[in-house]
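The values are calculated or read from the model by the stated rules, or taken from the named source; none is laboratory data. What you are looking at is a predicted structure, and each value in this text was computed from that prediction instead of being measured. With ideal geometry, Cβ positions are generated from the backbone for all residues, glycine too; neighbour counts draw on all protein chains shown. Quick note on the areas: whole protein, heavy atoms, side chains included, nothing else; ligands and nucleic acids left out. Shrake-Rupley method; radii C 1.70, N 1.55, O 1.52, S 1.80 Å.
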Amino acid sequence: MRVAVLVPCYNEAVAIPQVVRDFRKALPDAEIWVFDNNSKDGTGEIAAREGALVRRVTLQGKGHVVRRQFADVEADVYIMVDGDDTYHAASAQALVDCLVSGGHDMVVGVRKATDVQAAYRAGHAWGNRMLTGFLSWLFGRNCTDILTGYRAFSRRFVKSFPVLSAGFDIETELTVHALEMKMSVGEVETPYKERPEGSFSKLSTYKDGFRILRTMLRLFSAERPLVFFGVIGAVLAMTSLVLMVPVMMEYMDTGLVPRLPTALLATGIMLTGLLSGMIGLVLDTVTRGRREAKMLAYLRYPGPR
């Protein structure tokens with residue numbers, strides 16, 4: 001069974017040597033691929049000296065790197081891990097075992113920090129819990145850690161996943177793809193530690209947090225259009241009725257419509273609500289066809305064994 005370790009990197013010269021050594025020790029037979037995303041500190045050259053296979057990705061953003069990783073590397077099992085030396089390399093074998101023995105398509109490395117304040121920047125732990133809970137509510141399946149960068153994938157997951165994101169919201173897209181395709185997802189707890197001295201996070205707390213939230217809403221509207229646009233249509237219809245009831249009562253009493261602007265506004269809102277519902281119905285049909293196409297692509301590949 002071919003195992004590939006995929007390491008997306010941007011300016012990780014301080015941490016990448018230890019990451020390559022640790023995963024070489026944890027998975028001696030695996031290929032270690034480092035995808036260098038325009039690093040300016042020699043990350044790619046350092047990783048090559050450590051024996052990793054290095055590819056360069058010129059389009060900036062983690063999503064672009066993951067797209068190249070999944071397209072270029074051929075394996076039966078894929079381990080994806082950030083190159084910042086915060087994840088526990090010794091847990092890689094547990095992720096592989098869980099994927100294969102459990103028949104899963106994705107195994108998530110759930111982070112358990114021994115020192116939360118040291119491992120997470122201010123607000124990151126709370127933000128992760130909030131976004132994870134919101135995604136679980138949107139799609140009706142429980143998740144523990146949607147933003148972890150430590151995951152194992154089957155070949156059929158990787159080769160059937162259309163990467164659309166460009167930045168750090170790629171982890172959200174990976175999770176949504178697995179949930180929407182009803183894939184089997186496993187979880188393995190893994191220690192999580194702070195970055196080594198001299199290494200700095202590229203994640204922006206607020207900018208990337210809002211980007212992830214926007215991605216979740218975008219994916220929800222794309223994957224559940226009938227629910228998304230149906231709720232909007234229902235809210236608009238209720239608003240229209242609230243505005244229209246006094247006008248109708250007055251018309252029934254006097255036979256006059258003195259508040260004509262309100263009546264026109266209520267009519268316009270009701271038509272918009274009905275249009276939103278019809279858009280949801282049409283897009284739901286389109287989404288069903290797109291999901292069937294992705295399922296056929298998924299079924300072309302056997303599961304890990």
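Just a few scattered comments:
- Some residue of region 136-156 being at pLDDT 85 or above and open to solvent by 10 Å² or more (accessible area, probe 1.4 Å): yes
- Qualifying residue in region 248-266 (condition: charged (D, E, K, R), more than 23 Å from the chain's Cα centre (by Cα) and open to solvent by less than 70 Å² (accessible area, probe 1.4 Å)): yes
- Filter pass, THR172 being open to solvent by less than 10 Å² (accessible area, probe 1.4 Å), among the β-branched types (Val, Ile, Thr) and modelled with pLDDT of 85 or more: no
- Residue under evaluation ALA75, criteria (1) crowded, with 17+ Cβ neighbours inside 10 Å; (2) part of a helix (DSSP H, G or I); (3) out of contact with any Phe, Trp or Tyr (no Cβ under 8 Å at 6 or more places or on another chain), criterion not met: (2)
- Residue match in region 179-188 (condition: in a helix (DSSP H, G or I) and either modelled with pLDDT of 85 or more or under 23 Å from the mean Cα position of the chain (by Cα) (or both)): yes
- Residue count for region 18-63 under the criterion of being in contact with an Asp or Glu (Cβ under 9 Å, 6 or more places away or on another chain), open to solvent by less than 80 Å² (accessible area, probe 1.4 Å) and either among the basic types (Lys, Arg) or at positive phi (or both): the result is 1.
- Residue match in region 212-224 (condition: open to solvent by less than 50 Å² (accessible area, probe 1.4 Å), part of a helix (DSSP H, G or I) and either free of Cβ contacts under 8 Å to residues at least 24 places away in the same chain or among the hydroxyl-bearing types (Ser, Thr, Tyr) (or both)): yes
- Given (1) aliphatic (A, V, I, L, M); (2) touching a Gly at 6+ places or on another chain (Cβ under 6 Å); (3) in a helix (DSSP H, G or I), index of the condition ALA47 fails: (2)
- Just one of (1) at pLDDT below 85; (2) in contact with a helix residue (DSSP H, G or I) (Cβ under 6 Å, 6 or more places away or on another chain) fails for ASP105. It is (1).
- Between LEU281, LEU296, LEU275, the distinction of being under 22 Å from the mean Cα position of the chain (by Cα) and open to solvent by 70 Å² or more (accessible area, probe 1.4 Å) belongs to LEU296 only.
- Being out of contact with any strand residue (DSSP E or B) (no Cβ under 7 Å at 6 or more places or on another chain), aromatic (Phe, Trp, Tyr) and within 20 Å of PHE139 (Cα to Cα) is a condition met by at least one residue of region 227-243.
- Verdict on THR215 being polar (S, T, N, Q) and within 30 Å of ASP82 (Cβ to Cβ): yes
- Contact map, region 1-17: residues that are open to solvent by 50 Å² or more (accessible area, probe 1.4 Å) paired with residues that are modelled with pLDDT of 90 or more and assigned to a strand (DSSP E or B), Cβ distance under 9 Å, separation 6+ or inter-chain. Pairs shown: MET1/VAL77; ARG2/GLU31; ARG2/VAL77; TYR10/ASP36.
- Criterion: touching a Pro at 6+ places or on another chain (Cβ under 6 Å), touching a residue at least 12 places away in the same chain (Cβ under 8 Å), farther than 9 Å from ALA152 by Cα and β-branched (Val, Ile, Thr) - qualifying residue of VAL65, VAL57, VAL77, VAL73: VAL65
- Among the candidates TYR78, TYR120, the residue that is on the phi < 0 side of the Ramachandran plot, under 20 Å from the mean Cα position of the chain (by Cα) and modelled with pLDDT of 95 or more is uniquely TYR78.
- Within this structure, ALA15 passes the test of being touching a Ser or Thr at 6+ places or on another chain (Cβ under 7 Å), of a type outside the set (Val, Ile, Thr) and over 17 Å from VAL163 (Cβ atoms).
- Total residues in region 246-283, condition modelled with pLDDT under 90, part of a helix (DSSP H, G or I) and not aromatic (Phe, Trp, Tyr): 12
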